[in-house]
1. R0 = 22 Å: FRET efficiency of TRP239 with ALA16, Cβ-based, nearest 0.05?
2. Compare the Cα positions of ILE295, ALA144, SER91 along the charge dipole of the chain (+1 at Cβ of Lys, Arg; -1 at Cβ of Asp, Glu; about the Cα centre) and return the one farthest towards the positive end.
3. With springs only between Cα atoms under 10 Å apart, run a GNM on the chain and tell me which of PRO195, PRO74, PRO14 wobbles the most.
4. With the alpha-carbon atoms as the only input, what is the per residue convex hull volume for segment 179-220 in Å³?
5. Could you give the semi-axes, largest first, of the ellipsoid that matches segment 267-316, computed as the square roots of 5 times the alpha carbon gyration tensor eigenvalues and rounded to whole Å?
6. Starting with the fewest neighbours, write out ILE284, ILE41 ranked by other beta-carbon atoms found within 10 Å of each beta-carbon.
7. For the chain, set up a Gaussian network in which alpha carbons nearer than 10 Å are linked by springs, and say which option among ASP39, ASP279, ASP152 fluctuates the most.
8. To the nearest whole percent, what portion of all C-alpha pairs in segment 202-265 is separated by more than 21 angstrom?
Amino acid sequence: MKAAKRHYLDFEKPIAEIEEKVEELSLLAQKSGAASMADEISRLKKKAGTELKSLYGNLDAWQKTQVARHPDRPHFRDFVDTLTTDFVELSGDRKFGEDSALLGGVCRFRGRPALIIGHEKGRTTAERVEHNFGLARPEGYRKAVRLMDLADRFNLPVITLVDTAGAFPGAGAEERGQGEAIARSTERCLTLGVPMVAAIVGEGGSGGALAIAAGNAILMMEHAIYSVISPEGAASILWRDSSRARDAAEAMKITAQHLRTFGVVDEIIAEPLGGAHRDAKTAINSLGDAIEAQINALSKLSPEELRIHRRERFYAIGRTLNESAVIIPIPAANANA
């Protein structure tokens, strides 16, 4: 079976040329049975690896934005299929309807009963339309609140996977209370009496992301982004020129590395060389290991300690050196459960 054609980003063109040449020579050698091309193929593969390492070791904020949006990056269903078993999707907000941009359900996460929620963008055109490109409406966030209520009732740790450009900005969504729904979902995250681990796996856009990301621990994939507005949106507001998105991305400090420095995220999850889209299984399992370690550590805290820790964790962001924070310490993440 012929492998799917790899999608290259604009800045990856030098690598694309080398890898396409490798594929071309490999097919030619396979058809002709000639072994004389082996050395050249090996040389080109080594060169491609060196170029890839150099390129991905020096990505700027705008290039990371493109990687975070890569169409082949693992999506919510990929994480669920790899990290969980016995997943049962739960639908509807019991008030208006179902929102396929935000999915969730109960599962066994590496053998442990848990509840998982996340944005799903879809891959094909039909799937993207079905999931509204991962842009959740009010009913999506009200569904999230309903599922978190369920987790609290049955003492299930909550795992959330964030990958959205933001909440859906349509008139219908606003008429049905988009802002209120986002606020209620954020509030429910903060009041949970069970461990909550959130992971930014692609785009983390504005309140649409924060609504399911106010957890005890915030993890972020190495090439993900997290911001109050998209770079294009910021450029349109600041300079009335969306083409200056690169400038906005740099100014907003939206990368995992910047946000870890600011204390917005707690841990950066390394991605395979070339991004999660080149080796989705490895990337997913790396995130799974980090989530498992965090849940094991957080499970040692009482419900009230979890609430206090979660609240103070967010209060501490932006706190000056003269202010003190009372934060319940989490046991070492790699400690035995």
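1. Given R0 = 22 Å and the Cβ-Cβ separation, E is 0.10.
2. Looking along the dipole axis, the top candidate is ILE295.
3. Most flexible of the set in this elastic network: PRO14.
4. 52
5. Taking √(5λ) for each Cα gyration eigenvalue gives 30, 13, 6 Å.
6. Fewest-to-most Cβ neighbours within 10 Å comes out as ILE41, ILE284.
7. Residue with maximal mean-square fluctuation among ASP39, ASP279, ASP152: ASP39.
8. Value for segment 202-265 (Cα pairs over 21 Å): 23 percent.
Rule-based calculations on the coordinates, nothing more; no lab input. The model shown is predicted, which means the values in this text are computed figures rather than measured ones. Using ideal geometry, Cβ is built from the backbone for each residue, glycine included, and neighbour counts are taken over all protein chains shown.
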